[in-house]
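> Take a look at this one; I'll ask things after.
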Amino acid sequence: MNVTNIITSGATLSVMGLAFGAALAFASQKFAVEVDPKTVLIREALPGANCGGCGFPGCDQFANAVASGNAPVNGCPVGGASCASALAEIMGVNAEVGVKKVAYVICKGGDDKCRTTFKYEGITDCRAAAMVAGGGKSCAFGCLGYGTCERVCPFDAIHVTNDGLAIVDPEKCTACGKCVEACPKTVITYVPYGQQVIVNCNNKEKGPQVKKNCDVSCIACGICEKNCPFDAIHVTNNLASIDYEKCTSCMICTEKCPTKCISGDLSQRKKALIEPEKCIGCTLCKRVCPTEAITGELKEVHVVDPEKCIGCGECVKKCPKDAIKMV
Amino acid sequence: MENASLFVILVSSILVNNFVLSRFLGICPFLGVSKQVDTAIGMGLAVTFVMTLSGIFTYFIQYFVLVPLHLEYLQTIAFILVIASLVQFVEIVLQKTSPTLYQALGVFLPLITTNCAVLGLALLNIQYEFNLIQTVVHSVGGALGFSLAIILFAGIREKQVIADVPLPFQGFPIALITASLMSIAFLGFTGLV
């Protein structure tokens, strides 16, 4: 063993390393480029899932865009309201907190409700199944339930149940749009978080044809449209659709729908309650009530009939004295 | 190869001993950034740039540091050090002096830092006992060969995107088959030099 060999080789490499290191350090000082410190802060405040839900390739690009003012601070669907307010603070603007949206599978025609035309025995993948004459379901618009959405979901938020339908867990869903993109039937859409009243049908065929195929289907009878007190539900292309801006979740359409394809838990329906000590008898609530559930004379305490009340909350909005509560 | 003329070295490094298709060096960027012709051109430019610089640099390191000290066996580690530092240095300088070129090359420069084609070229230069001018020619030729391969490949892959490829072959499988066919095609140049 030649010790000098070891020493010279070690020393040479160390000197080279040091020289290059010094050169790099010098260069990074000399040629330093100033990066917007906001970009760094924004990047740290983001969830970092790189899901692309914002429309940018990843969180870095989104952070750049926000810092340069090319993207809104509430543009991250995953981070939600807390992330938006954090970004707003960094950018020094007020966050317009958007309503959180979640994905929703607009089909309730499971194996027991919807007929099949043939038995599909191919690869368990909706996209593959959809290529084989639409995938065995008699309804061409319904959920196939082979779990393509389940496999693309990065947040474990969508699962196929035993009756062959995909269900979204609204708590876990971040509206990143992966499932919406993957679904060959485009049966997944976005609904506001917490929205109960949803039309659970995607079939745009004419009523009798739909009815033949599936028990829980929209037959475009228009009963919901006629009964809605708020002009929030309309039948277009043989399919009812709800304007979630106008919908007050009064669930009248849920009650009236002959095929029960509009969801909504009637037992969860809220009732208006007038506090007698606050009520001044202005009759405003009585006039606005779509179901005449409120009775009472001018300047006398009004009363809500719980049987008639549909829980739409219109009276709460109108009451000048905050005397009405939804319970 | 000692008395090889410069032209022979150039043709040999571009076609006959193509770095990607005959030596199988630098496969990762070859497959990784060859989805579009534009990015492939960017990558080719960056590789040309770095290969030429590192070829010259490693030549000096070899003959002015390692040989006098009898440390030729440290080639590999020393060259890695040189190439990595060089690429970083170039990146920093480019970022400051030419933001447009930095934007064009930016993503690819760090990728080349540990590219085996760049290191392989530096080691081959020494193995063939090239002088400085031969080294430069061989480096430029090797880099042009790489660019040629990656740009041709990207052109084919752009067409493949719209082609009706059977599902099991979509993506990388068909890309690898294409690459192997290209490699066989380049085999035809054997014996040219």
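> Which of the residues belonging to segment B:87-101 are out of contact with any Pro (no Cβ under 9 Å at 6 or more places or on another chain), without any contact (Cβ under 8 Å) to a residue 24 or more places away in the chain, surrounded by 14 or more Cβ atoms within 10 Å (Cβ to Cβ) and within 11 Å of chain A (Cβ to nearest Cβ)?
Passing the criteria: B:Phe89, B:Ile92, B:Val93, B:Leu94, B:Gln95, B:Lys96.
> At pLDDT below 85, touching an Asp or Glu at 6+ places or on another chain (Cβ under 7 Å) and closer than 30 Å to B:Gly171 by Cα: does that describe B:Gln103?
Details: at pLDDT below 85: yes; touching an Asp or Glu at 6+ places or on another chain (Cβ under 7 Å): no; closer than 30 Å to B:Gly171 by Cα: yes.
Considered against the rule, which asks whether it is at pLDDT below 85, touching an Asp or Glu at 6+ places or on another chain (Cβ under 7 Å) and closer than 30 Å to B:Gly171 by Cα, B:Gln103 comes out as no.
> So is B:Leu111 away from every other protein chain (no Cβ under 14 Å), more than 27 Å from A:Thr12 (Cβ to Cβ), in a helix (DSSP H, G or I) and not polar (S, T, N, Q) or not?
Working: away from every other protein chain (no Cβ under 14 Å): yes; more than 27 Å from A:Thr12 (Cβ to Cβ): yes; in a helix (DSSP H, G or I): yes; not polar (S, T, N, Q): yes.
Yes; evaluated as a whole, the condition is true for this residue.
> Identify all residues within segment A:250-283 that are more than 16 Å from A:Tyr104 (Cβ to Cβ), part of a helix (DSSP H, G or I) and in contact (Cβ under 8 Å) with a residue 40 or more places away in the chain; write none if there are none.
In the first step, residues of segment A:250-283 are kept if they are more than 16 Å from A:Tyr104 (Cβ to Cβ); the result is A:250-253, A:255-260, A:266-283.
Within this subset, residues satisfying the condition of being part of a helix (DSSP H, G or I) are A:252-253, A:255-256, A:266-268.
Hits for segment A:250-283 are A:Ile252, A:Cys253, A:Gln268.
> Would you pick out the residues in segment A:25-77 that are of a type in the set (D, E, K, R), assigned to a helix (DSSP H, G or I) and either farther than 24 Å from A:Lys100 by Cβ or within 14 Å of chain B (Cβ to nearest Cβ) (or both)? If you could, list the steps in order and put the result at the bottom.
Just the residues of segment A:25-77 that are of a type in the set (D, E, K, R), to begin with: A:30, A:34, A:36, A:38, A:43-44, A:60.
Okay, now just the ones that are also assigned to a helix (DSSP H, G or I), so A:30, A:38, A:43-44, A:60.
Listed by number, the residues that qualify are A:Lys30, A:Lys38, A:Asp60.
> Could you check how many residues of segment B:60-73 are in a helix (DSSP H, G or I) and within 9 Å of chain A (Cβ to nearest Cβ)? So that I can check it myself, show each step before the final result.
Step one: of segment B:60-73, the residues in a helix (DSSP H, G or I) are B:60-66, B:72-73.
Next, from what is left, pick out any that are within 9 Å of chain A (Cβ to nearest Cβ): B:61, B:65-66, B:73.
The qualifying residues number 4.
> On to the next question. Taking segment A:111-136 as the region of interest, how many residues are in a strand (DSSP E or B) and either within 26 Å of the chain's Cα centre (by Cα) or in contact (Cβ under 8 Å) with a residue 60 or more places away in the chain (or both)? Even if it seems obvious, please write down each step before you answer.
Kept after step one, since they are in a strand (DSSP E or B), are these residues of segment A:111-136: A:114, A:116.
Now drop any that are not either within 26 Å of the chain's Cα centre (by Cα) or in contact (Cβ under 8 Å) with a residue 60 or more places away in the chain (or both), which leaves A:114.
Residues that pass the stated criteria total 1.
> Out of all the residues in segment B:74-86, is one or more away from every other protein chain (no Cβ under 11 Å), hydroxyl-bearing (Ser, Thr, Tyr) and either assigned to a helix (DSSP H, G or I) or under 29 Å from A:Ile7 (Cα atoms) (or both)?
Checking segment B:74-86: at least one residue is away from every other protein chain (no Cβ under 11 Å), hydroxyl-bearing (Ser, Thr, Tyr) and either assigned to a helix (DSSP H, G or I) or under 29 Å from A:Ile7 (Cα atoms) (or both).
> Let me ask another. How many of the residues in segment A:232-249 are crowded, with 20+ Cβ neighbours inside 10 Å and either over 20 Å from the mean Cα position of the chain (by Cα) or in a strand (DSSP E or B) (or both)? Break it down stepwise before answering.
As a first pass, look at segment A:232-249 and keep what is crowded, with 20+ Cβ neighbours inside 10 Å: A:232-233, A:239-240, A:242, A:247, A:249.
Those left that are additionally either over 20 Å from the mean Cα position of the chain (by Cα) or in a strand (DSSP E or B) (or both): A:233, A:239-240, A:242.
Residues flagged as crowded, with 20+ Cβ neighbours inside 10 Å and either over 20 Å from the mean Cα position of the chain (by Cα) or in a strand (DSSP E or B) (or both) within segment A:232-249 amount to 4.
> Moving to a separate point now. Looking only at residues in segment A:211-222 that are of a type in the set (A, V, I, L, M) and in contact with a strand residue (DSSP E or B) (Cβ under 9 Å, 6 or more places away or on another chain), which one is surrounded by the most Cβ atoms within 10 Å (Cβ to Cβ)? Give the derivation first.
Just the residues of segment A:211-222 that are of a type in the set (A, V, I, L, M), to begin with: A:216, A:219-220.
Add one more test, that the residue is in contact with a strand residue (DSSP E or B) (Cβ under 9 Å, 6 or more places away or on another chain), and what stays is A:216, A:220.
Working: A:Val216: 19, A:Ala220: 21.
Of everything passing the filter in segment A:211-222, A:Ala220 is surrounded by the most Cβ atoms within 10 Å (Cβ to Cβ).
The values are calculated or read from the model by the stated rules, or taken from the named source; none is laboratory data. Predicted model only: the values in this text are computed from it and were never measured. All Cβ positions, even for glycine, are placed from backbone atoms using ideal geometry, and neighbour counts span all protein chains on display.
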